[in-house]
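Working notes, beginning with the structure itself.
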Amino acid sequence: MYPPIEPYQTGKLKVSDLHTLHWEVSGNKDGTPVIFLHGGPGSGCDPQDRSFFNPTKYKIIMLDQRGAGKSTPTASLDENTTWDLVKDIERLREHLGIDKWHVFGGSWGSTLSLAYSQSHPDRVKTLVLRGIFTLRKSELRFFYQDGASHLFPEAWEEFIEPIPEAERHDMITAYHAQLNSVDDETRLRAARAWTKWEMYTSKLYVDPARVAEAEKNDFANAFARIENHYFVNDGFMRDGQLLEKQEIDKIRHIPCVVVQGRYDVICPATTAYALKKVWPEITLHIVPDAGHSSHEPGIAKLLVKATDEFAHI
């Protein structure tokens, strides 16, 4: 990855009477523009994510999505859907006077990248995606009900602990009730537990620093509430919509590189493989010694290689 850099421009974009989004630009003012779409939904951008791009070649644009990061109001679920975010990305492109840009996203960021590019294929130069997630019911069931639980039983026990046994047949719905409780203690306890489950399972080797992020109430509250809101609503899409042939046909001409960890239990490789089957033109790299995180060495190396190769487009 490239050395850390600081943004040379930041701003606030009011996208509705309720929501104001934080954005930043770093790298080369005259470089080829790239929009970084963060995961979660609800996590916000991380300064480290600027380092996926050569700062002499790229104009690097980062956006905190509705309710996330430095955008306000924090953790808000009102007017917060996939299609609201797609419209926000277009508003930011227009606000910055950009004609076409590269799109980079991992995990939920890959979901949003596909949704945006399928809505505005004429505005996308290339796609670099990681940890493919299309929000199908089968994907949610694997991570939040029956799948990853078999691989991380000790962490799963902590995840289910706040939920009464009679409600554990549908963990996403059960968590939805607690994450929207009027009682602060109930809501924050659920938010920390939800977030810890994802932080614990995000790397091939459990990273204690990542797990500790779940103890930060403000981060956990936004992350857990917004994620759960999207998941309980099936991403506001038809099941499997992003993989439908008529949707893929809209973006088939766009150069696309996908980097996928073999042992990613949050967004298992089966989804990246399903994307490759309906879109054989993409380049799919499966990293043999990686989990979900974009900062695992094998994944980061291939992501930087992809952005380097696309920098001239």
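The values are calculated or read from the model by the stated rules, or taken from the named source; none is laboratory data. Computed from a prediction, not measured in an experiment: that's the story for all the values here. Neighbour counts are summed over all protein chains in view; Cβ atoms, including those assigned to glycine, are modelled from backbone coordinates with ideal geometry. Just so you know, the surface numbers come from the protein's heavy atoms only, side chains and all, with ligands and any DNA or RNA stripped out. Shrake-Rupley method; radii C 1.70, N 1.55, O 1.52, S 1.80 Å.
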Residues that are over 23 Å from the mean Cα position of the chain (by Cα) and open to solvent by 70 Å² or more (accessible area, probe 1.4 Å), drawn from region 140-177: HIS150, PRO153, GLU154, GLU157, GLU158, GLU161, GLU165, ALA166, GLU167, ARG168, HIS169
Consider only pairs whose beta carbons are under 8 Å apart and that are at least six residues apart or on different chains; among these, list those whose first residue lies in region 134-156 and is over 25 Å from MET237 (Cβ atoms) and not assigned by the TED database to the domain that holds HIS229 and whose second residue is basic (Lys, Arg) and crowded, with 20+ Cβ neighbours inside 10 Å. none
Considering region 33-60 alone, what residues qualify as being touching a residue at least 40 places away in the same chain (Cβ under 8 Å), among the charged types (D, E, K, R) and under 25 Å from ASN221 (Cα atoms)? ASP49, ARG50
How many residues does region 178-212 contain that are open to solvent by less than 50 Å² (accessible area, probe 1.4 Å) and among the acidic types (Asp, Glu)? 2
Somewhere in region 55-63, is a residue crowded, with 23+ Cβ neighbours inside 10 Å, assigned by the TED database to the domain that holds VAL304 and either at pLDDT below 95 or farther than 20 Å from ARG123 by Cβ (or both)? no
Taking the options GLU296, GLU281, name whichever one is open to solvent by 50 Å² or more (accessible area, probe 1.4 Å), in the same structural domain as SER110 (by the TED database), in contact with a strand residue (DSSP E or B) (Cβ under 8 Å, 6 or more places away or on another chain) and among the acidic types (Asp, Glu). GLU281
Residue selected from region 70-106 under the condition open to solvent by less than 10 Å² (accessible area, probe 1.4 Å) and among the small types (Gly, Ala, Ser), by the criterion nearest to LYS14 (Cα to Cα): SER71
If I filter region 126-137 for residues that are open to solvent by 10 Å² or more (accessible area, probe 1.4 Å), part of a loop (DSSP other than H, G, I, E, B) and either among the β-branched types (Val, Ile, Thr) or within 20 Å of ASP249 (Cβ to Cβ) (or both), do I get at least one hit? yes
What number goes with the only condition from (1) outside the structural domain of ARG66 (by the TED database); (2) of a type outside the set (D, E, K, R); (3) touching a Pro at 6+ places or on another chain (Cβ under 7 Å) that ILE254 does not pass? (1)
